[in-house]
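The block underneath contains the structure these notes are about, expressed in structure tokens.
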Amino acid sequence: MSNARTVYRVCPLCEATCGIAVQIEGDRITDIRGDRDDPFSQGYICPKAYGLKALHEDPDRLRRPVRRGQDGWQEIAWDEAVGESVAQLQAIKQRHGNDSVAVYVGNPAVHNLHVMTYLPAFYQALGTRQRYSASSVDQLPKMVSVGLMFGGGLLIPIPDIDRTSHMLILGGNPVVSNGSLMTAPNARKRLDAIVKRGGKVVVIDPRRTETARRASEHHFIRPGTDALLLLAMVHVMFDEGLVELGRADGLVTDPDRVRPLVAGFSPDRVADRCGIDRATIVRLTREFCAADSAVCYGRIGTTAQAFGTVASWAVDLVNILSGNLDRPGGAMFPRAAAVRGSHRKQHKKKSLRFGRWHSRVQGFAEMFGELPVVTLADEILSPGADRVRALVTLAGNPLLSAPNVGKLQRALDSLDFMVSIDLYRNETTRYADIIIPPPSPAERYSYDLAFYRLSVRDVAKFSAPALAKPADQPDEWEIMLGLTKGLMGQADVPVDAADEFFIGQLVGAEVGDGGRWDGLTAQEALEALSHRRGPARMLDLLLRLGPYGDGFGRNPDGLSLRKLEDNPHGIDLGPLKPQLPDILRNPDGLIDLQPELIVADLDRLRASIAEAPNSIVIIGRRHLRSNNSWMHNLEPLVKGPDRCTLLMSTADAERLGLSDADRVRVSSRVGAVTASVQVTPDLMPGVVSLPHGWGHDAEGASMRVAREYSGVNVNVLSDDQAFDVPSGNAALNGVPVTIEPISAR
Ligand SMILES: Nc1nc2c(c(=O)[nH]1)N[C@H]1C(S)=C(S)[C@@H](COP(=O)(O)OP(=O)(O)OC[C@H]3O[C@@H](n4cnc5c(=O)[nH]c(N)nc54)[C@H](O)[C@@H]3O)O[C@H]1N2
Ligand SMILES: Nc1nc2c(c(=O)[nH]1)N[C@H]1C(S)=C(S)[C@@H](COP(=O)(O)OP(=O)(O)OC[C@H]3O[C@@H](n4cnc5c(=O)[nH]c(N)nc54)[C@H](O)[C@@H]3O)O[C@H]1N2
Ligand code: SF4
Ligand SMILES: [Mo]
């Protein structure tokens with residue numbers, strides 16, 4: 001076939017960044033395989049990768065902007081969609097102030113170079129303090145804890161999974177999720193390798209997960225009690241003289257001040273509440289501390305829960321106090337090839353400030369420029385001159401992903417105007433007045449700015465578009481820049497001129513005096529970049545300035561976008577490297593072991609020990625063939641038996657007289673759904689599990705396949721009043737529920 005070719009890319013669908021080889025004939029994708037020559041993923045892919053083809057071809061995927069009118073949805077021109085959105089938003093802002101427009105940015109934005117590079121300008125143009133994202137239904141507690149401890153919200157120590165001898169995993173299921181806040185393609189193989197080389201993997205999870213089954217050891221834990229368990233481990237470390245700082249020695253605030261903080265959390269006191277006995281807690285601690293190298297890793301089960309920030313802090317306390325921070329085989333900081341601020345030799349050390357503004361109704365503190373999504377509905381629904389009246393969603397589906405969907409639905413229904421940038425008309429975007437679709441992921445170029453900052457090796461790989469986009473389809477950054485300049489009152493300025501302005505701004509901020517590359521000036525950088533535009537130009541700048549960069553010719557073998565284009569399988573930059581103390585950003589240069597905001601939450605944690613455990617709580621789960629809410633319209637990925645079942649332990653099923661396929665009504669303080677029971681010995685008694693991202697039967701959505709496999713929306717049950725106090729992150733795991741049989745067989 002003369003026009004057959006292969007394009008090497010990174011799969012954009014989860015954090016693992018697997019290399020894929022996309023086979024193309026003409027304008028069709030004929031196959032998608034793992035890229036064997038990708039140095040990081042070495043040919044591994046999961047079934048979702050093939051979904052890229054289905055996604056590209058999905059007839060329900062929007063190809064043109066649409067507007068909701070009296071006679072239903074109509075296609076409109078690109079300029080009209082952008083122009084009208086700007087006009088409506090401007091009118092509302094003028095009448096009611098900048099904060100009358102809210103914005104919600106969803107998870108795929110983080111996988112998207114186009115959005116990552118042009119979001120700051122878009123925020124600037126919107127000028128609103130009503131900013132929300134999927135962070136606050138996910139990892140915000142971790143960002144808060146590392147922000148306070150190390151001085152930056154993305155200074156997250158990552159498991160050095162390929163070299164560790166001991167990995168303690170809480171609330172993560174990397175065999176299915178493929179790793180999160182731990183970019184590690186083929187996480188399963190990497191975990192298996194720990195055991196094969198004589199190490200140990202211990203999993204703490206209310207469900208005996210796919211990861212737990214491959215681990216050396218698994219323990220059930222009562223949802224929401226990880227902070228208790230981890231602080232008990234720290235208690236044992238002090239008690240038994242196991243504290244040893246290793247590379248963090250001299251770089252931490254006084255560790256003896258941690259001792260009194262954990263005094264009330266002895267293994268004896270927390271064992272019953274956690275559901276893990278005292279002797280086990282002591283043994284787990286001793287084994288962790290005795291290992292040649294060890295790493296404690298907590299993921300969404302430890303963050304999207306009632307004590308997310310304290311648990312996230314405790315994870316790093318265990319790593320630091322056992323001497324495993326910044327040590328090969330421990331918890332290490334990746335050195336990303338493209339990251340803002342990397343040119344500067346001297347990093348600005350300044351305290352992180354939270355609470356520069358507060359939410360109107362519940363007074364939540366701003367964090368990292370955002371408010372927590374648990375309160376978005378309040379900000380729209382609560383009367384007041386300064387309430388939110390318009391919403392922009394970008395790559396987000398909060399009606400399936402945020403808590404108390406019933407209330408959020410009422411809120412979206414009451415808006416004066418909503419615009420969504422999205423691939424689909426789905427549960428959320430059906431509320432929009434205008435939907436503007438980006439190109440299919442196969443039609444865009446990409447680079448994982450975010451995930452290479454969280455990766456278990458240092459790597460860099462640029463993805464060329466697999467297919468050309470339709471002639472009139474703008475890139476996502478062009479859509480965003482169109483809205484941005486419109487909102488800035490510069491609608492008539494051409495996109496390329498606006499782009500010159502923003503690259504100038506970026507170069508000005510990044511290329512200062514006394515940087516890494518001697519004598520480099522902003523003008524030299526701008527000239528060298530002048531043949532590029534858009535996100536590619538911004539990426540080239542960051543790569544060339546970065547720690548592996550070519551320094552605009554000063555380090556000729558270093559990285560540039562050109563070099564990545566010449567190496568389409570990607571470039572391996574080696575294992576993680578020790579980075580203390582340079583990476584620390586707190587003003588005193590130290591790791592804060594006792595951040596005030598976190599210590600202040602310990603009373604609430606202490607009080608929770610005495611609470612009677614709720615008789616049944618619900619937790620989530622993930623499936624290899626789906627990603628959050630939006631891949632259920634792809635037949636190859638959804639076909640097969642119903643996955644949206646209510647898992648229930650054998651003991652609970654017996655007690656309630658239920659068996660497989662029985663229908664039950666599950667209700668919480670805020671809502672109710674019906675589901676089919678699936679009985680399993682793999683769940684802790686007192687815990688049931690329903691996956692999120694389902695419930696595709698909404699009127700007005702146009703996803704035909706998803707509707708067929710609808711499932712139910714677990715976030716009808718999760719409660720907007722249940723959150724982690726320091727961060728405001730939703731407590732999506734551990735929601736108390738009542739279960740009533742609808743029909744026994
Ligand atoms: N109960 C419960 N709820 C949860 C979770 C849980 O474990 N349990 N997990 C939470 C987590 S970790 C997350 S990250 C959130 C996710 O929450 P969200 O980010 O709100 O939801 P997604 O399901 O990722 O929806 C992504 C949306 O982006 C669109 N999209 C996909 N690609 C692109 C693109 O390239 N550009 C644009 N413009 N749009 C695109 C899709 O069509 C879809 O509408 O859900 C959270 N909700
Ligand atoms: N296939 C697939 N991969 C994905 C996604 C997907 O939807 N599907 N989503 C992506 C996203 S956005 C994210 S954020 C990551 C998430 O990545 P992970 O965190 O690895 O994902 P989960 O499979 O939800 O694992 C969370 C685990 O926490 C457990 N858990 C629940 N509550 C508690 C608790 O209180 N304590 C403890 N110790 N455990 C608890 C659950 O039983 C579950 O096994 O996955 C990413 N990858
Ligand atoms: S694990 Fe699957 S979805 Fe994630 S990047 Fe790899 S192939 Fe894509
Ligand atoms: Mo997530």
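Which listed residue (TYR104, ASN404, GLY369) has the Cα farthest towards the positive end of the charge dipole for the chain, taking +1 on Lys and Arg C-beta and -1 on Asp and Glu C-beta about the Cα centre? Comparing the listed Cα positions along the dipole, ASN404 ranks first. A Förster radius of 25 Å combined with the Cβ-Cβ distance from ASP566 to SER530 puts the calculated FRET efficiency at roughly 0.80. Run through the DSSP bridge list for the chain and note the antiparallel percent, rounded to the nearest 5. DSSP beta bridges in the chain are roughly 55 percent antiparallel.
Using only Cα atoms, locate the centre of region 350-426 and the centre of region 238-305, then give the distance between them in Å, rounded to an integer. The two parts, judged by their Cα centres, are 36 Å apart.
May I ask what percent, to the nearest 5, of DSSP beta bridges between residues of region 614-743 are antiparallel?
Counting only bridges with both partners in region 614-743, antiparallel ones make up about 70 percent.
Evaluated with a Cβ-only charge set (Lys, Arg +1; Asp, Glu -1), region 265-357 carries a dipole of roughly 900 debye about its Cα centre, given to the nearest 20.
For region 635-691, trypsin sites (Lys or Arg not before Pro) meeting the loop criterion (DSSP other than H, G, I, E, B) and having at most 11 other Cβ atoms within 10 Å: LYS639.
Working from Cα pairs under 8 Å separated by at least six residues, relative contact order for the chain is 20 percent. Loop-located trypsin sites (Lys or Arg not before Pro) in region 32-61 (DSSP state not H, G, I, E or B) with no more than 14 neighbouring Cβ atoms inside 10 Å: ARG36.
Given a 1.4 angstrom probe, I'd like the percentage of the accessible area of the chain that is carbon and sulfur, rounded to a whole number. Don't jump to the answer; show the numbers that get you there.
Values: 12920 of 26760 Å².
Summing carbon and sulfur atoms, their accessible area is 48 percent of the total for the chain.
Look at the dipole of region 614-743 built from charges on Cβ: of MET703, GLY728, THR650, the Cα furthest out on the positive end belongs to MET703.
Ignoring lysines fewer than eight residues from LYS639 along the same chain, the ones with Cα atoms less than 20 angstrom from its Cα are LYS48, LYS53. Sites listed here are GluC sites (Glu not before Pro) in region 636-745 whose DSSP assignment is loop and whose Cβ has at most 13 other Cβ atoms within 10 Å: GLU699. With all protein chains kept in place, the per residue accessible area of region 614-743 amounts to 38 square angstrom at a probe of 1.4 angstrom.
What whole number of Å gives the distance from the Cα centroid of region 161-233 to the Cα centroid of region 443-504? Comparing the Cα centres of region 443-504 and region 161-233, I get a distance of 36 Å.
For SER615, the solvent-accessible surface computed with a 1.4 Å probe is close to 90 Å², ligands and nucleic acids excluded. Sequence gap at least 6, Cα distance under 8 Å: using those rules, report the relative contact order of region 494-567 to the nearest whole percent. Once normalised by length, the contact order is 23 percent.
Reported to the nearest whole Å, the Cα centre-to-centre distance from region 541-597 to region 659-717 is 43.
The values are calculated or read from the model by the stated rules, or taken from the named source; none is laboratory data. Nothing here was measured: the structure is a model prediction, and the numbers come from that model. For neighbour counting, all protein chains shown are included, and Cβ atoms are generated from backbone atoms with ideal geometry for every residue, glycine included. Side chains included, ligands, DNA and RNA excluded: accessible areas come from the protein's heavy atoms. Shrake-Rupley method; radii C 1.70, N 1.55, O 1.52, S 1.80 Å.
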